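To start, the structure under review is shown below, and the notes come after it.
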Amino acid sequence: MLRSMYSGVSGMKNFQTKLDVIGNNIANVNTIGYKKSTINFQDLLSQNMSNSGTNPMQVGLGTTTSAINVNHNPGSVMSTGIETDLAIMGNGFFVVQDPEAPGADGQFLTRSGSFSVTTAGNLVSAQGYNVLNSAGAPINVAGYDSFSINRSGEVVGRQADGTETTIAFVGISNPENPEGLKKVGGSMYEVPPNTPTQTAALANTEIGSGMLEMSNVDLTEEFTEMIIAQRGFQANSRTITTSDEILQEVMNLKR
């Protein structure tokens, strides 16, 4: 009887975690470059009641969370018409650098291409982090009347007389296991060790200028999963209530 209570408690805890994941996904439905998370469960150890007979007699002890995975499927692309808004048309991440933390420790990956140009001419993210080129250096467009970024990620500076110069190529990082990336907030991820920064062509992808990749959260799926989590929570709650009622009957036998 107590086993059923413990199983119910573990189920309620895990469905609460599932609701936490769903709530975070819904909260970020309009976050640029956000990738939704999904949760998986697995059963706990089973208690052996008897080893006699053909099949073992076992009673499960509940459930636990086995994994919370990030779904890196691409989100829909929204056209903005702003030259510095970039979207990766395929796999890979932009690489940004915290100007106050030089070196590899200050680098992060992101799919959020909402960039702008500072007064010093640096292309930066919404957090003010420098966007790195394929050589791992900040992209600077100072000294040019205008610039453009084509689908190969080439940053082309244009002088007043129409002369064009290739300034740099937007850096793209394509880690081997994107599902294993650790989120650090701000739609950014930690950079795994030995992950090179390269051009879009070498990363086998393209870059869209004047557009942004939106969140890949599907509200229909999230609301469906929310209903399932709610019913699962209620069912486990009912298990605890029923077990408590049976225990109460046992205690009343003394009277």
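The values are calculated or read from the model by the stated rules, or taken from the named source; none is laboratory data. The shown structure was predicted, so the numbers you read here are calculated from the model rather than taken from an experiment. Cβ atoms come from the backbone with ideal geometry, glycine included; neighbour counts cover every protein chain shown. Ligands, DNA and RNA are excluded from the accessible area calculation, which covers all protein heavy atoms including side chains. Shrake-Rupley method; radii C 1.70, N 1.55, O 1.52, S 1.80 Å.
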Matching residues in region 31-51 - criterion: being open to solvent by 80 Å² or more (accessible area, probe 1.4 Å) and outside any strand (DSSP E or B): LEU45, ASN51
Checklist (1) in a loop (DSSP other than H, G, I, E, B); (2) open to solvent by less than 80 Å² (accessible area, probe 1.4 Å); (3) of a type in the set (S, T, N, Q) applied to SER66, failing item: (1)
Residue selected from region 11-30 under the condition among the polar types (S, T, N, Q) and open to solvent by less than 40 Å² (accessible area, probe 1.4 Å), by the criterion nearest to PHE115 (Cα to Cα): ASN28
Verdict on ALA168 being open to solvent by 70 Å² or more (accessible area, probe 1.4 Å) and either closer than 21 Å to THR84 by Cα or small (Gly, Ala, Ser) (or both): no
SER243, sole failed condition from (1) polar (S, T, N, Q); (2) in contact with a helix residue (DSSP H, G or I) (Cβ under 8 Å, 6 or more places away or on another chain); (3) without any contact (Cβ under 8 Å) to a residue 24 or more places away in the chain: (3)
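Just to be sure before I move on: is MET211 touching a helix residue (DSSP H, G or I) at 6+ places or on another chain (Cβ under 6 Å), open to solvent by 30 Å² or more (accessible area, probe 1.4 Å) and of a type in the set (A, V, I, L, M) in the structure I sent?
No.
So that you can scan it fast, the table gives a plain yes or no per residue for (1) in the same structural domain as SER112 (by the TED database); (2) surrounded by 13 or more Cβ atoms within 10 Å (Cβ to Cβ); (3) under 24 Å from SER125 (Cβ atoms):
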site	(1), (2), (3)
GLY162	yes, no, no
ASN174	yes, yes, yes
PRO192	yes, yes, yes
ALA203	yes, yes, yes
GLU225	no, yes, no
GLY157 being under 32 Å from the mean Cα position of the chain (by Cα), over 30 Å from LYS18 (Cα atoms), assigned to a strand (DSSP E or B) and modelled with pLDDT of 95 or more: no
Boolean, THR17 is touching an Asp or Glu at 6+ places or on another chain (Cβ under 7 Å), within 30 Å of LEU247 (Cα to Cα), hydroxyl-bearing (Ser, Thr, Tyr) and modelled with pLDDT of 90 or more: no
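Condition check: under 26 Å from the mean Cα position of the chain (by Cα), farther than 21 Å from GLY33 by Cα and modelled with pLDDT under 95. Does ALA137 satisfy that?
Details: under 26 Å from the mean Cα position of the chain (by Cα): yes; farther than 21 Å from GLY33 by Cα: yes; modelled with pLDDT under 95: no.
Answer is no for this residue.
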Flag if GLY92 is out of contact with any Lys or Arg (no Cβ under 6 Å at 6 or more places or on another chain) and loosely packed, with under 14 Cβ neighbours inside 10 Å: no
Candidate set: region 138-153, residues that are free of Cβ contacts under 8 Å to residues at least 40 places away in the same chain and open to solvent by 40 Å² or more (accessible area, probe 1.4 Å); chosen: the one farthest from LEU109 (Cα to Cα): ASP145
Selection from region 184-229 of residues that are touching a Phe, Trp or Tyr at 6+ places or on another chain (Cβ under 6 Å) and assigned to a strand (DSSP E or B): MET188
